[in-house]
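Working notes for the structure below.
The values are calculated or read from the model by the stated rules, or taken from the named source; none is laboratory data. For clarity, every value in this text was computed on a predicted model and none was experimentally measured. Reconstructed Cβ throughout: ideal geometry from the backbone, glycine too, with neighbour counts over all protein chains shown.
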Amino acid sequence: MKWDDFLQRSGEWLKGNGPDGDVVVSTRVRLARNLSRFPFLTVANPETRSQIEQYVRGRLQEAFPTRDFQYLSLMRMPMIDRQLLFERHLVSREHAVGEGERGVAINSDETLSIMVNEEDHLRLQAMRSGLQLDLTWEGVDQADTELEKRLSYAFHPRFGYLTACPTNVGTGMRVSVMLHLPAAVISKQMDKVLQTLARLNYTVRGLNGEGTSPVGDLFQISNQATLGKSEQDILSEMRKVVPEVLKFERSWRHKLLHDEPRKVEDKVWRAYGILKHARTISSEETIELLSALRLGVHLGLLSHVPMAAVNELFVFTQPSHLQKIEGKALDPEQRDVVRAEFIRKRLP
C-alpha cells in the first residue's frame, strides 16, 4: 500500500465541483449484503470470519480484475493507517477499530469502497462530490451486480436482503447526503430543519457519520426505512427532501448577507485570519473555522480560495493524516502545532 498516494491527492468527493456544491459536500449510497452460505457475523467465530474474508476477497478479485482496485487487510494494519481510512470516509469507525479478519477494497479515485466483515459480510459504498444521487447509485449498483454474479446473497422473497441489523432489511440501502448549513445554524433555524427531517423519517449525523454529533455546521442526513421500499423509492424521496433543505439554507444565506453583511464578513475574515496565522490550533477549532471559510467562498467573500482546498483541509487536518504526513507519532499538542503549520502552507 502506497500511503503517499493518499497524502498527495484527495478523493473525488472532496473536490467540491459537484452539483449544488455550495450546500452539498457529498452524496453517499451504501448497500448491506450477507452471504447465504455463512452465518451473520454476530454469531460467527474467528475461523468462520476468516473463511468469509478469504472467500469474498477471491470474488472481489474476479469481479474487478482490470479496474484500479486495491484490497487492504485491516487486521494486519497499524491503527494509524486504519484511522486514516476512517478519516477518509472509506471505512466506518467500527470497521477501523474492530477485531478479526476483515478488509476493504478501494478504487483509485475513492468513489467506491467495499468493506468485508464489517457489521455485515459486505458493505458496498459509493461517494461523489455534490448532489449526485443517480450517478452515485449507478456506481454502487454496478459493483453489486458484478458481485452478485459470483456470490449468493442472503435474500428472502418477502423481506428482501437479510442483514445483521433489522433496520437494514429490505433493500439494505442507505442514502446519505452531507450538507453544509451554516446560515441555518447562525440564524437559529436548525432546530426547525431537524424536526422536519425527523418527521420524514430521516436521521441526522455529523461529519464522520454514525455515532458522531454535527460539528462545523456539517450534517449528514440519511433515510431510516428500507423495508417495503424499492431503491428508486428511497432515491425519489431523497430527491424531494434535499432540494427543500437547499432552498431553505440559500434563502437564509441571502438574508444574512443582506441584513447583516458586516457580521457575516467579520465571521468569515476572522476565520481566515486565524487559520492563516495561527501557530497552534485544535482539530475542533479547525473544523469550525473551515466552516466559516467555506461559507465565505460561496458568498464570494474569498474569491482567491479554491473550494477544493477548503474541503481537503477538513480531512487532511485530522490526526492520522497529520501523523502520516509527518512520518511519526505526535501527541495532541504536537498535532496542534503541525496542523497550524499545514494550514498556513495550504491556504492561499
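Restricting attention to segment 225-251, and to residues there that are over 21 Å from Leu181 (Cα atoms) and of a type in the set (S, T, N, Q), which single residue is surrounded by the most Cβ atoms within 10 Å (Cβ to Cβ)?
Of the residues in segment 225-251, the ones over 21 Å from Leu181 (Cα atoms) are 225-236.
Filter once more, so that each one left must be of a type in the set (S, T, N, Q): 226, 230, 232, 236.
Working: Thr226: 25, Ser230: 13, Gln232: 10, Ser236: 13.
Among them, the one singled out is Thr226.
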If you take the residues of segment 31-46 that are crowded, with 19+ Cβ neighbours inside 10 Å and in contact with a Ser or Thr (Cβ under 7 Å, 6 or more places away or on another chain), which of them is farthest from Glu138 (Cα to Cα)? Asn34
Kindly list the number of the only condition in (1) part of a helix (DSSP H, G or I); (2) under 27 Å from Glu231 (Cα atoms) that fails for Arg28. (1)
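Can you tell me which residue among Leu162, Leu135, Leu124 is in contact with a Leu (Cβ under 9 Å, 6 or more places away or on another chain) and either among the polar types (S, T, N, Q) or on the phi < 0 side of the Ramachandran plot (or both)? Let's see the steps before the verdict.
Working: Leu162 fails: in contact with a Leu (Cβ under 9 Å, 6 or more places away or on another chain); Leu135 fails: in contact with a Leu (Cβ under 9 Å, 6 or more places away or on another chain).
Result of the check over Leu162, Leu135, Leu124: Leu124.
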Using the structure shown, decide if Ile114 is in the same structural domain as Gly228 (by TED's automatic domain parsing), within 16 Å of the chain's Cα centre (by Cα) and at pLDDT 95 or above. yes
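Confirm whether Ala164 is small (Gly, Ala, Ser) and at pLDDT below 95.
Judged against the criteria, Ala164 is a match.
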